[in-house]
Amino acid sequence: MQYLNNANIADTINKALNTYNPRQVDRDYYNGFTTEARLLHQYKLGNLTSTLTGGIRFFEEQTHRQQKGVGTSGFDFDLSLTKPYGIDLYLHTYNYAVFAENIFQITPQFSVTPGLRYEVINTTTNGVIVNATVPVSYKDNRNFPLFGTGLQYQVGQNSQFYGNISQAYRPYIYANVTPADQLGVVDPNLKDSRGYNVDFGYRGQLNSVLKFDIDAFYVYYGNRAGTQTRVNASNQTYLYYTNIGNAVAKGVEAYGSISLIKGFNEAATSDLQLFNSFSYDHVRYISGMITQGTGNVNLKGNYVEGTPEYINRAGLSFLNRDLITTLQFSYVGTSFSDANNTQFNITGASGKVPAYHVFDWSFKYNFFKNYHITANVNNILNEKYFTRRINMYPGPGILPADGTTFNIGLGLKL
């Protein structure tokens, strides 16, 4: 249940009705089932042991989606309707998959792991949309293989080089093709997205002092679906969900932790660990066009929406037999909410998402063998920030993060 309008239009008394504006009522009913069976088999290839794994998976999901119902105009929670749902759909998905991968141990140090997955996705949609005036009957069957290969080379006893390449596939989903509000419009010719990713890294540990993992990656995202900010003939801003274009992400991820006590004295009963996780993610559109007014705008070089360039998390942990406590600092860089890289929009539904940083603290203490007490404080310094811009409930506009929050818990292990 929501009042949905641009952020610059206040939820106030409608003078013509002498009440608040009627609320929009949306309801979903879900019924799903998933089962999966796996097989693991080890065998000798020469003098070395190789491993084969495989399996099958079945998934069924039924959703009854009712949206854009006209509700009451009160201020309390009420799901009753004054006018019927404008969207009433029955959605049904069957997904079958078979998969297998084999670890070929070529030498004691070097292994190759090829893998295959074959997907079958059958979807149907039936019902009505557009104020329950337009019937919908949709059926689609997708069948496709996905391939991948991984490599690993053991360097000494405590470190490895590794690499992977794999295909990726993302179908558009029901939520993409049935916008629940007047601020969103979906391209009727929306297509599935395909791509691949490659990564190569080195991980290991130096005695008991240092643990590390550094990884370089490249991801190609073809026919990426995303959001554009557009203006209609009435000069109203709306968000258009479509296949934006092709995008590439490339960057580096690194993690390291240092044991400041036990790393130098293994007999110590306590430890102080310093850790840091860093990622640099250069994500840009390499092709794509949008229509603005009477002209076209080339999106090549624009940031892909929702992808901050830098993320860093660092912290300090103290731990012994009964206690572990961690103070963590997190920094997330600037990102954009749409492919246009809109800097500002009066509705708040699109624009820049500024960088932010927060401190968090966690604590756990074990006592009487089976009991423990936990405590967490998030956003210790009560930073004011937001992580997303949305065009749905509780928006449209920015989605503010919580201020300082805390919780305390008591646990028993039986």
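Which order results if Arg321, Arg224 are arranged by neighbouring Cβ count within 10 Å, fewest first?
Fewest-to-most ranking of Arg321, Arg224: Arg321, Arg224.
Going down the list Lys83/Lys139; Lys364/Lys413; Lys191/Lys352; Lys369/Lys413; Lys262/Lys413, which pairs span over 18 Å between their C-alpha atoms? Please list the in-between numbers first.
Values: Lys83/Lys139 29 Å; Lys364/Lys413 14 Å; Lys191/Lys352 27 Å; Lys369/Lys413 9 Å; Lys262/Lys413 28 Å.
Violating the 18 Å Cα-Cα cut-off are Lys83/Lys139; Lys191/Lys352; Lys262/Lys413.
Going by C-beta contacts inside 10 Å, put Ile244, Ile286, Ile390, Ile346 in order with the fewest on the left.
Fewest-to-most Cβ neighbours within 10 Å comes out as Ile346, Ile286, Ile390, Ile244.
Sorting Ser166, Ser137 on the 10 Å Cβ count, fewest up front, what's the list?
Ranked by crowding around the Cβ, least crowded first: Ser137, Ser166.
How many nm is it between the label spots at Asn207 and Phe33, if each spot is 7 Å from the Cα in line with the beta carbon?
5.9
Any chance you could run the full-extension gain for Ala132 through Phe329? It's 0.36 nm times the residue separation minus the Cα-Cα distance, nm to one decimal.
So the chain would gain 65.9 nm between Ala132 and Phe329.
Hey, what do the phi angles of region 73-88 turn into as Karplus ³J(HN,Hα) couplings, whole Hz, using 6.51/-1.76/1.60 and θ = phi - 60°, x for Gly and Pro?
Values per residue, Gly and Pro as x: 10, x, 10, 9, 6, 8, 9, 6, 10, 9, 9, x, 5, x, 10, 9 Hz.
Mind listing the long-range amide H neighbours of Val353? Cut-off is under 5 Å, sequence gap 5 or more, other chains count too, H placed in the peptide plane at 1.01 Å from N.
For Val353, the qualifying residues are Ser335, Phe336, Ser337.
Measuring from label point to label point, each 7 Å out along Cα→Cβ, what is the Leu52 to His92 span in nm?
Those two pseudo-labels are separated by 3.7 nm.
Output ³J(HN,Hα) for region 110-119: one whole-Hz value per residue in order, computed from phi by the Karplus curve 6.51 cos²θ - 1.76 cosθ + 1.60 with θ = phi - 60°, and x for Gly and Pro.
Values per residue, Gly and Pro as x: 10, 9, 10, 10, x, x, 9, 9, 10, 10 Hz.
So how strong a dipole does region 156-412 carry about its Cα centre when Lys and Arg Cβ are +1 and Asp and Glu Cβ are -1, to the nearest 20 debye?
So the dipole magnitude of region 156-412 works out to roughly 180 debye.
Taking R0 as 60 Å, what FRET efficiency do you get between Asn320 and Asn141 from their Cβ-Cβ distance, rounded to the nearest 0.05?
The pair Asn320/Asn141 has a calculated efficiency of 0.55.
So, R0 is 35 Å and r is the distance between the beta-carbons of Leu412 and Ile261; what FRET efficiency does that work out to, to 0.05?
Step by step, r from the Cβ atoms, then E = 0.70.
Under 20 Å from a label point 7 Å along Cα→Cβ of Arg284: give me every residue in region 245-260 with its amide N that close.
Once the point is set 7 Å along Cα→Cβ of Arg284, 245-253 turn out to lie under 20 Å by backbone N, inside region 245-260.
Helix-only mean residue ellipticity at 222 nm, the chain, DSSP H runs n ≥ 4 weighted -39,500 (n - 2.57), per residue, nearest 500. What is it? Working shown, then result.
Details: 1 runs with 4 residues, N = 414.
That comes out to 0 deg cm²/dmol.
Mind giving me the FRET efficiency for Thr19 and Phe363? R0 is 41 Å, r the Cβ-Cβ distance, nearest 0.05 is fine.
0.25
Between region 220-238 and region 87-117, what is the C-alpha centre distance in whole Å?
34
Read-outs: derived from the displayed coordinates by stated rules, not from any lab. These numbers were taken from a predicted model, which means no experiment stands behind them. Here the Cβ is made from the backbone with ideal geometry for all residues, glycine too, and neighbour counts use every protein chain on show.
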